[in-house]
Amino acid sequence: MKILAIHGSPRTIQSTTRILANYVLEGAAEAGAGTEMIDLCDFRITPCTACDACTLNGICVNDDDVPALVERMKEADGIIFASPVYIDNVSGQMKIFFDRLADAIHYQLLAGKYGCSVATTHTSGGDEVVAYQNHVLNYLGVVSVGGISVATGGDSMAIDAREAEARALGKKLAGAIADGFSDKKQEEEITGNREFFKDLVVENKDFRTDEYKRWVKRGWI
Ligand SMILES: Cc1cc2nc3c(=O)[nH]c(=O)nc-3n(C[C@H](O)[C@H](O)[C@H](O)COP(=O)(O)O)c2cc1C
């Protein structure tokens, strides 16, 4: 079992979000998962230019690290999104990465996995950013088992005070991967999204034949 945390603070190892996400990973590791943390800042991630090339052939016009990151997400059983709150949203680094996941969303490349979300903030917006990141997981076809946000008030010790809760979240994620986890509301949303993306997959079946066949095989078409 492999769980991958994708972390979007530019403060890398000094980041409080990273410390919190690491507690989640440690909880998952205690439950038997292999874990890995990706600092988005270490990678070349170019903003989406909305050229639509990926929809047709799955290949982005930008030559950067995103395809390799998507491959690592595909190899994982569980995905954790972790971001600080920047002006009531995820960090710019995380948002640019999310925009580049459009193809993974349209073709549901990560469907069937489980995930959760992590956020830290000075004062406000933590729960909203957790909810937003979980929403992105759902767009990807990933069911979230929950999330954790901490408002530090500038005191990094506030993260340690929530260590047990973060570890429990990691354990819950590992449990979902091992034994399954159901959430009717999320599953309905994911099914509805898939219905919506189906038209695109059918329309492009001559360009993305392998993806079309995968959708047919999974009974989505
Ligand atoms: C550009 C920027 C925008 C921020 N916006 C908010 C905000 O809207 N609300 C808030 O309470 N804190 C805000 N903060 C504070 C961070 O969310 C907070 O310090 C967070 O814990 C930093 O996480 P990190 O250590 O993982 O980078 C902002 C910080 C930066 C640098």
A careful count of residues in region 1-19 that are within 15 Å of the ligand (Cβ to nearest atom) and closer than 21 Å to residue 142 by Cα gives 4
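When you check residue 130 against the structure, is it within 16 Å of the ligand (Cβ to nearest atom), free of Cβ contacts under 8 Å to residues at least 24 places away in the same chain, farther than 30 Å from residue 214 by Cβ and under 12 Å from the mean Cα position of the chain (by Cα), yes or no?
yes
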Exactly one of 36, 30 is over 17 Å from the mean Cα position of the chain (by Cα), modelled with pLDDT of 95 or more, closer than 19 Å to residue 176 by Cα and more than 14 Å from the ligand (Cβ to nearest atom), and that residue is 30
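Test residue 66 against the criterion of being farther than 24 Å from residue 207 by Cα and either surrounded by 14 or more Cβ atoms within 10 Å (Cβ to Cβ) or modelled with pLDDT under 95 (or both), and give yes or no.
No.
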> For residue 103, are the conditions met, namely being of a type in the set (Asp, Glu) and touching a Cys at 6+ places or on another chain (Cβ under 8 Å)?
Replying inline: yes
Filter region 37-96 for residues that are in contact with a Ser or Thr (Cβ under 8 Å, 6 or more places away or on another chain), without any contact (Cβ under 8 Å) to a residue 40 or more places away in the chain and not in a loop (DSSP other than H, G, I, E, B); the one that is farthest from residue 10 (Cα to Cα) is 66
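The values are calculated or read from the model by the stated rules, or taken from the named source; none is laboratory data. What you see is a predicted model; the values in this text were computed from it and never measured. Here the Cβ is made from the backbone with ideal geometry for all residues, glycine too, and neighbour counts use every protein chain on show.
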